[in-house]
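Just below is one structure, and these are the notes that go with it.
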Amino acid sequence: MNILVTNDDGIASPGLWALAEALMDTGNVIVVSPDREQSGVGCAVTLHHPVRVDNVLSPLDGIKAYTVEGTPGDSVVLASTTIIKERIDLLVSGINHGSNLGNDVFVSGTVGAAFHGYFRGIPSMAISVTSLTDVRFDAASMVTRLLAQLFKDGKLPKELLLNVNVPNIPTKDLKGIRVTSLGRNSYTEIVETGSDPRRKYHWIKRTQPAWELEDGTDIFAVENQYISISPLNTDITDKHLLSILGDIELHLHV
């Protein structure tokens, strides 16, 4: 089984290599990752200038590694069309430093890479740990190996897109695994304005999110020391509003 490992934290991220090491016994791992930090870029791809690819020395024997001068989406596009000649059986993105819960899936580069795999018919997973500092990778590695083996054994469908969030606590303190829906979280952006010697600039900063702790959601699970696994797809149609609009006579006035 050929496994593409990527991320949005860049090729030097410890989480990337913890993930690659965790999957070595499950399949043939190939790392294709952005050459630098790309957090928050979502599903973005580079369309207005060329994108370069370089071979890099892997710290793990037997694993080929490449950097892409672009986004996580660029990494997946180039890996699946140019870099890797064999079929990619599974894509795993992570291990991300910081959670990707609720609405974060729409801006996360970690989840964005998994979306790009899913767009191309590649079963995909995004793995995140809910801390930016002193990140523990043991539990995230464990659940990734479990899911990858379940997929290899045919116990998970090939049309697969999972968003996995792991509390940053010792494995022994975890209460278990929950399959969840996406919760709701909201941010308030703060814009700081300043100037450098050349021109004025604006720095957009996010405050801590306001969580809605509803049982059954990813946010509730990790707040209560459970690993959260959220199955996703790309249909974000509002079915309720679809029905309402369908019952209204809409006329075009020109």
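The values are calculated or read from the model by the stated rules, or taken from the named source; none is laboratory data. Bear in mind the structure is a predicted one, so any value in this text is a computation, not a measurement. As a convention, Cβ positions derive from the backbone with ideal geometry for all residues, glycine included, and neighbour counts pool all protein chains shown. Side chains included, ligands, DNA and RNA excluded: accessible areas come from the protein's heavy atoms. Shrake-Rupley method; radii C 1.70, N 1.55, O 1.52, S 1.80 Å.
Just a few scattered comments:
- Inter-label distance, MET1 to MET142: 2.0 nm, where each label sits 7 Å from its Cα along the C-beta direction.
- The stretch 44-94 - convex hull of alpha carbons, volume per residue in Å³: 98 Å³
- If the convex hull is drawn through the Cα atoms of the stretch 150-218, its volume per residue in Å³: 211 Å³
- Student exercise, the chain dipole from Lys, Arg, Asp, Glu Cβ charges, in Debye to nearest 20: 380 debye
- Entry note: the stretch 137-254 has Rg to Rh equal to 1.15, where both radii use alpha-carbon atoms and Rh is the Kirkwood radius.
- GNM remark for the chain: springs join alpha carbons under 10 Å apart, and the peak mean-square fluctuation among ASN96, ASN224, ASN168 falls on ASN224.
- Computed over the alpha-carbon atoms, the stretch 4-117 gives an Rg to Rh ratio of 0.93, Rh here being the Kirkwood radius from the mean inverse distance.
- Farthest toward the positive end of the dipole of the chain, out of GLY42, PRO209, ASN168, is the Cα of GLY42, where the dipole comes from beta carbon charges about the Cα centre.
- More than 25 Å apart - percent of Cα-Cα pairs taken over the stretch 33-175: 27 percent
- Considering only GLY154, GLY73, GLY194, the Gaussian network model of the chain with Cα springs below 10 Å gives its largest mean-square fluctuation to GLY194.
- Among the trypsin sites (Lys or Arg not before Pro) found in the stretch 188-254, those both in a DSSP coil and sparsely packed, with 10 or fewer other Cβ atoms within 10 Å of their Cβ, are ARG198, ARG199.
- Accessible area per residue for the stretch 120-254, computed on protein heavy atoms with a 1.4 Å probe, is 68 Å².
- Computed [θ] at 222 nm, deg cm²/dmol, the chain (DSSP H ≥ 4; -39,500 (n - 2.57); rounded to nearest 500): -6500 deg cm²/dmol
- Stokes-Einstein translational diffusion, the chain - Kirkwood Rh over all Cα pairs, 0.692 mPa s, 37 °C, in µm²/s: 171 µm²/s
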